[in-house]
1. So if I restrict to the alpha-carbon atoms in the stretch 202-288, what is the Rg, and what is Dmax, the biggest pairwise distance, in Å?
2. So what's the gap between the Cα centers of the stretch 230-258 and the stretch 1-55, to the nearest angstrom?
3. Show me the trypsin sites (Lys or Arg not before Pro) within the stretch 141-249 that DSSP assigns to loop and that have at most 14 other Cβ atoms within 10 Å of their Cβ.
4. Mind sorting out which of (i) 24, 22, 20; (ii) 60, 25, 21; (iii) 50, 22, 15 is the real semi-axes √(5λ) of the Cα gyration tensor in Å computed from the coordinates?
5. Please compute one quarter of the surface area of the Cα convex hull for the stretch 32-161 and express it in square nanometres.
6. Let me check I've understood the local charge: for Asp35, count other residues with C-beta under 14 angstrom from its C-beta, Lys and Arg +1, Asp and Glu -1. What total comes out?
7. Report the net charge of residues surrounding Val2, where surrounding means a beta-carbon distance below 14 angstrom and charges are Lys +1, Arg +1, Asp -1, Glu -1.
8. Over the alpha-carbon set of the stretch 1-105, divide Rg by the Kirkwood Rh and report the Rg/Rh ratio to two decimals.
Amino acid sequence: MVKIPTELKSEYPFHSNFLKIKNNNYHYIDEGTGDVLLMLHGNPTWSFFYRNLGKFFSKNYRVIVPDHMGCGLSDKPQDFNYTLNEHISNIEVLVKTLNLTNITLIVHDWGGAIGMGLATRHPELIRKIVVMNTAAFISTVIPKRINILRNPIGEWAIRMFNGFAYPATFMSTTKKLSPLIKKGFILPYHDFHSRIATAKFVQDIPMSTNHPSYKVLETIEKNLSVLQMPILLLWGEKDFCFDTTFLKRWQDIFPKATTHLLPNAGHYLLEDELDQATIHIDNFLKTN
């Protein structure tokens, strides 16, 4: 089991909680009291991505941040079905177990598809949504540097050399991360065994109709129209992966959504423009 080293405890001071799912430990943080903020990370991050939002918002809200199976402090089973549908099902188990309602959903990267899977299946549980640099719809666009990792050679590169989580620490930001924060991001992904989910997430990007997650994502896309609650689109404009063409797609789907651009932020927008992102989210929570 991954342990938080002393030097990172001020960055990530949270108590760990675990839920048993299919004989595997599913890690989540559960801090504060009040209305629920459920934050879902993407690949190759973990709940560490939301550490600063967790520290800030847990003063007035109940902040829940799971680590998807295979990520962060969750178990990393080698025989797990690492697919979109499975990750959505895990979130459903967590929400049901904790009896969560009136949820503000905050999503980023793969957390978008997973979170929108939850929201479209259970819209009655969702009060508001914050969407950050993500997609939850079919797209034919994928950066070459990611697409090249979707084959068996790519999996080998990710699992042998951390060829996804480590490059993300300098490719996903416009500001240079400190050695300590880089250490935090790659902490759970320290060997071949522990990098299985980062590789499987890349393979699970459905770029063709015969992909096993294509129908799941297509169904989510078709059902996005049921989401009539307030939505905030918060976007780092210098994202090499989810560029503003994805934002435009979200605006077409949710024409009443509030949009705030972060012109100097990359994919890890909470690292590049934390203060502005926090202000926009805080104002959204208070005014809707």
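1. Values for the stretch 202-288 (Cα only, Rg and Dmax): 14.9, 43 Å.
2. Distance between centres, Cα-based: 26 Å.
3. The qualifying sites are Lys175, Lys176.
4. Step by step, semi-axes √(5λ) of the Cα gyration tensor in Å for this structure corresponds to label (i).
5. 8.7 nm²
6. On the way: positive: Lys59, Arg62, Arg127, Lys128, Lys286; negative: Asp30, Glu31, Asp282.
Summing Lys/Arg as +1 and Asp/Glu as -1 gives +2.
7. For residues surrounding Val2, the net value is +2.
8. On the way: Rg = 13.3 Å, Rh = 14.1 Å.
Over the Cα atoms of the stretch 1-105, Rg/Rh equals 0.95.
The values are calculated or read from the model by the stated rules, or taken from the named source; none is laboratory data. Only a predicted model underlies this, so the values are computations on that prediction, with no experimental measurement involved. Virtual Cβ from ideal backbone geometry, glycine too; neighbours counted across all protein chains shown. Quick note on the areas: whole protein, heavy atoms, side chains included, nothing else; ligands and nucleic acids left out. Shrake-Rupley method; radii C 1.70, N 1.55, O 1.52, S 1.80 Å.
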